[in-house]
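Shown next, in structure tokens, is the structure this report addresses.
The values are calculated or read from the model by the stated rules, or taken from the named source; none is laboratory data. These numbers come from a predicted model, not from an experiment. Cβ placement follows ideal geometry from the backbone for every residue including glycine, while neighbour counts extend to all protein chains displayed.
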Amino acid sequence: MKKLVVGNWKMHGSRASNAELIQGLLASDLATTAPRADVAVCPPFVYLADVAAALQGSAIGVGSQDISVQAQGAYTGEVAGPMLRDVGATYAIVGHSERRSYHAESDQLVADKARAALSHGLIPIVCVGETLAEREAGQTEAVVGRQLQAVIDTLGADLARIVVAYEPVWAIGTGKTASPEQAQAVHASLRAQLKSARSEAAVVPLLYGGSVKPDNAAQLFAQPDIDGGLIGGAALKAADFAAIARAA
Ligand code: PEP
């Protein structure tokens, strides 16, 4: 399976710094050599159109960091799937742990956002992950299983069209990475859950996210059930992001 590497820029950037980052990405082998991995970046909504235009014609795709469950209407502050498509997005991240915790997004809301993305022609990247307390209590597989089950129950026959990102909350932005073995164990359980729900969903790409850096990416991506990465901090440096994509 071709690997997928996605950069989540979170709430970082400006027109000037984005232009510099994009210039670095376009100057790297990501844009010039036949890519062996699919690559995309997810800028803040306000810069999405600019970034998509700047990357047009390159092998680097664009996604959003969130999506409304609504298609249009009186939903102040929300951004709808058709708008994201209109400005050039291909992917939509849903259920990032920062949205689950700071915006109280429930498992069901995340699943509904995944369904909204699919219904507007976007590929949802559904994030799941446990907190440190949950891991220490031995609840990792139960927590990510519960988060994924809401998506399975909501999407039905469309399940095979998503991407899942396993992002242990304790590894995001902390410099602590899950070991390749820890990540692989969770990925294997997610794979089994997807497969038992729908046999065709066995091929859903499973990304790992949480302090992926150029020096740990290759080992993570070598695991049998790790199909790529969702990259935060290291996606803000063109050289690091290109090195991670190269490792894939
Ligand atoms: C993320 O938030 O999606 C992420 C993986 O962040 P970082 O790489 O900075 O840990």
Sort through 234, 248, 243 and tell me the only one that's touching an Asp or Glu at 6+ places or on another chain (Cβ under 8 Å), within 15 Å of the ligand (Cβ to nearest atom) and more than 16 Å from residue 93 (Cα to Cα).
234
Scanning region 197-231 residue by residue, those more than 11 Å from the ligand (Cβ to nearest atom), aliphatic (A, V, I, L, M), closer than 26 Å to residue 147 by Cα and assigned to a helix (DSSP H, G or I) turn out to be 197, 201, 202, 203, 220
Checking residue 191 against (1) basic (Lys, Arg); (2) more than 10 Å from the ligand (Cβ to nearest atom); (3) outside any helix (DSSP H, G or I), only one condition comes out false. Which one?
(3)
May I ask you to verify whether residue 178 is more than 25 Å from residue 62 (Cα to Cα), assigned to a loop (DSSP other than H, G, I, E, B) and within 14 Å of the ligand (Cβ to nearest atom)?
yes
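Residue-wise test of (1) farther than 29 Å from residue 179 by Cα; (2) within 16 Å of the ligand (Cβ to nearest atom); (3) modelled with pLDDT under 95; (4) under 14 Å from the mean Cα position of the chain (by Cα).
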position	(1), (2), (3), (4)
84	yes, no, no, no
111	no, no, no, no
117	yes, no, no, yes
131	no, yes, no, no
134	no, no, no, no
Considering only region 97-154, state which residues are buried (at least 20 other Cβ atoms within 10 Å of the Cβ), in contact with a Leu (Cβ under 9 Å, 6 or more places away or on another chain) and assigned to a loop (DSSP other than H, G, I, E, B).
122
Does region 91-101 hold any residues that are farther than 13 Å from residue 164 by Cβ and either touching a Pro at 6+ places or on another chain (Cβ under 7 Å) or more than 12 Å from the ligand (Cβ to nearest atom) (or both), and which are they?
92
Quick one: is residue 175 in contact (Cβ under 8 Å) with a residue 24 or more places away in the chain and within 21 Å of residue 65 (Cα to Cα)?
no
